[in-house]
Structure formats: structure tokens, C-alpha cells
Amino acid sequence: MLMQGFDSFLSLLSLALIVFSGFALVDAALRREDGYRAADKQTKPFWLIVLGLAFVVNLIFNIFSFLPIIGLVATIVYMVDVRPALRSLPGGGRGRRGGSSSDGPYGPYNGGR
């Protein structure tokens, strides 16, 4: 009974690692290439390769192997260092190019001037 519960816990932990690395991979893919350069981080292809490898390693290997731990470290570095730097850029480093937060559907709002 105890081993069965421990096995279930490890399965859930492994699933959480897969979801975490998958989220980081999708988030990195949705960010603009120039955002990485503007935030003075590694390039977008670099992070896509690293996070893609972390995702695949989490899918293939057991959680007790050292490779998923390396993938987890890479994913954590992206989530706590690169992602906040990209989000702090104007527009959040996402698909929308240019503009300001005061832009309306027909252009910038100038206060009725």
C-alpha cells in the first residue's frame, strides 16, 4: 500500500515536470525574437532547443535519472530569469509589435485633443 502511494506520487511529480517544461517551451515559442536580444538574454532558438530537450527528457527518462533534473534546472532558469525579463519589455515580448497601452482600436488615444 505504501509503495503504491509512493509510485502514484512519483507519477504525479513526473507529470508536473512534463507540464512545467511544456509550459515553458510554449511560452518561449510565443515570445518575439527581438525581445530576447532587447532583454540581453540568449537567443530564442537557444531557449527553444534547451527547453525542447528538457521536455523530451522529462517524457522519456525516469525522475530518478539526472537528466530530468538538468532539464528542471534549465526550465527554472527560463521561468525565473528570462521570462520576467521578456515580460518587462513594452508589449510583454509577445506577438503585438509596437504601440502603447493607451492605444485604442483605431489608434492612440490623445485625450480628445
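Electrostatic tally near Asp40: other residues with Cβ closer than 15 Å to its Cβ, Lys and Arg +1, Asp and Glu -1, net +4. If R0 equals 22 Å, the separation of the Cβ atoms of Arg87 and Ser8 corresponds to a calculated FRET efficiency of about 0.05. For Val50, the solvent-accessible surface with a 1.4 Å probe is about 40 Å², rounded to the nearest 10. Put simply, when 62-72, 2-12 are sorted by average Cβ atoms within 10 angstrom per residue, most first, you get 62-72, 2-12. Ranked by solvent-accessible area (1.4 Å probe, protein heavy atoms only, all chains present), the residues Arg31, Arg83 order from largest to smallest as Arg83, Arg31.
The values are calculated or read from the model by the stated rules, or taken from the named source; none is laboratory data. As the structure is a computational prediction, the values presented were derived from the model and not from experiment. Backbone-built Cβ (ideal geometry, glycine too); neighbour counts: all protein chains shown. The accessibility values were calculated without ligands, DNA or RNA, using every heavy atom of the protein model including side chains. Shrake-Rupley method; radii C 1.70, N 1.55, O 1.52, S 1.80 Å.
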